[in-house]
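**Student:** Can you read through this structure? Questions will come right after.
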Amino acid sequence: MTDILTISALNERKAYVSNFPLEFCQSQVEEYFYRFFGDEVISVYLKTDFVHQFQGAVYVEFRSKDSMEKFVNSSDILIIGDYMLDKMTKLDYYEKNKERTKGNKERRIRKREEDNARKKEEKRQDIIRQMTHGAVLHLTNIRTCIHGNRNNYSDDIDETELGYKHIKEYFSDFGRVAHVDYNPGDTQAYVRFEEEGTALEVFKQIGADKGNVLFNNCLVDMDVLQGETEIDYWRQVVTILKQIQRKKRVNQLKKERRMERTSLQNL
């Protein structure tokens, strides 16, 4: 506890003086303070960077807190050549530096958040440019319909395959279907058409404007993907397409390397 109090007491007697010429050395700075303030100054410590280059600021330890405050509060202007020195207590400098550090941290956090938001929006706009607007129907509550009409088909047809094929064939009568997103056992499916706006037209055409439609003798909930829900769906589609393209490139590269090795072996 005594050591902490001693350090605190020492800091109360120190001043922070800045804006010295960077070419000054220890002896020049000491000479300046000892010449003007004599025995009131006990020591002078130069602030340097990690390669020991003078940063133009010093800590000056005075014999007492009163003499230090007298120096800092004096209206006298300290000038060295073309340089006017700035002065404050070391404790005030610490507080000011703490606030500056805090402000810098907050600015960095704010900038990082702004950058992340900007990148997110750029990706969002990129998805919007790639998507086919108004082309996706969302079907829900379809498990019974897919798995409950097996008697209508031959026994050698797989039930899961039947569900996917039946959905695509059914909606192909209303528009060109690009893809059906359906996983075996799911209660929902996505029907993606090739042309923009087709989903809404089909939705109205088959009488689903009330939110459901009679589909394969079952009542299926249905809606058109719009807004952020539509963008989220296309974000997944674009991600999957990129993964497929990446896999094709990797496989092509492997194939080329195998061919090169085979060619070398035949030499």
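The values are calculated or read from the model by the stated rules, or taken from the named source; none is laboratory data. None of the values given here were measured: they were computed from a predicted structure. Heads up, the Cβs are rebuilt from the backbone with ideal geometry, glycines too, and the neighbour counts pull from every protein chain shown. When the accessible area is computed, the model is the full protein with side chains, heavy atoms only, and any ligands, DNA or RNA have been set aside. Shrake-Rupley method; radii C 1.70, N 1.55, O 1.52, S 1.80 Å.
**Student:** Let me know the volume per residue of the alpha-carbon convex hull for the stretch 15-95, in Å³.
**Tutor:** 91
**Student:** Rounded to the nearest 10 Å², what accessible area does F20 show when all protein chains are kept and the probe is 1.4 Å?
**Tutor:** 10
**Student:** Separate question: Using the alpha-carbon atoms, what tilt in degrees (0 to 90, nearest 10) does helix 159-172 show relative to the longest principal axis of the chain?
**Tutor:** 90
**Student:** Per DSSP H run of at least 4 residues, take -39500 (n - 2.57); add these up for the chain, divide by its residues and hand me the 222 nm value, nearest 500 deg cm²/dmol.
**Tutor:** Result for the chain: -17500 deg cm²/dmol, rounded to the nearest 500.
**Student:** Name the lysines eligible as straight-distance cross-link partners of K123: C-alpha to C-alpha under 28 Å, and not fewer than 8 places from it in the same chain.
**Tutor:** Reachable lysines: K105, K111, K242, K247, K248.
**Student:** Let me ask something else about it. Cross-link partners among lysines for K65, C-alpha distance below 16 Å, same-chain residues fewer than 8 apart left out?
**Tutor:** K14, K87, K90
**Student:** When a/c is below 1.5 the answer is rounded, else prolate if a/b is larger than b/c, else oblate, so apply that to the stretch 1-57 with a ≥ b ≥ c taken from the square roots of the Cα gyration tensor eigenvalues.
**Tutor:** Judged from the Cα gyration tensor, the stretch 1-57 comes out oblate (a/c at least 1.5, b/c at or above a/b).
**Student:** What FRET efficiency, computed as 1/(1 + (r/R0)^6) with R0 = 35 Å and r the Cβ-Cβ distance, is obtained for E113 and I7, rounded to the nearest 0.05?
**Tutor:** 0.40
**Student:** For F62, F36, give the ranking by accessible area with the largest first, probe 1.4 Å. Don't jump to the answer; show the numbers that get you there.
**Tutor:** Details: F62 5, F36 120 Å².
Ranking F62, F36 by accessible area, largest first, yields F36, F62.
**Student:** Take I127, I79 and sort them by solvent-accessible surface of the protein heavy atoms, 1.4 Å probe, largest at the top.
**Tutor:** I79, I127
**Student:** Order the following by accessible area, largest value first: H133, H52. Probe radius 1.4 Å; ligands, DNA and RNA are ignored.
**Tutor:** Sorted descending by solvent-accessible area, the residues read H52, H133.
**Student:** Out of the total accessible area of the chain (probe 1.4 Å, heavy atoms of protein only), what percent is carbon and sulfur?
**Tutor:** With neighbouring chains kept in place, the figure for the chain is 49 percent.
**Student:** May I have the extent of the alpha carbons of the chain along their three principal axes, as whole Å values ordered from largest to smallest?
**Tutor:** Principal extents (Cα only, largest first): 108, 70, 43 Å.
**Student:** While we're looking at this one, here's another question. Just subtract the alpha-carbon distance of K247 and E95 from 0.36 nm times their residue separation and send over the number in nm, one decimal.
**Tutor:** 49.1 nm
**Student:** Going highest first, how would you order 81-91, 101-111, 9-19 by mean Cβ packing within 10 Å?
**Tutor:** Working: 81-91: 14.2, 101-111: 10.0, 9-19: 17.2.
Going from most to least packed, we get 9-19, 81-91, 101-111.
**Student:** Which whole-number value in Å² is the accessible area per residue of the chain, probe 1.4 Å? Each step should come with its number before you reach the end.
**Tutor:** Working: 18250 Å² over 267 residues.
Per-residue value: 68 Å².
**Student:** Size of the dipole of the chain about the Cα centre, Lys and Arg at +1 and Asp and Glu at -1 on the beta carbon, nothing else charged, in debye to 20?
**Tutor:** Roughly 820 debye for the chain.
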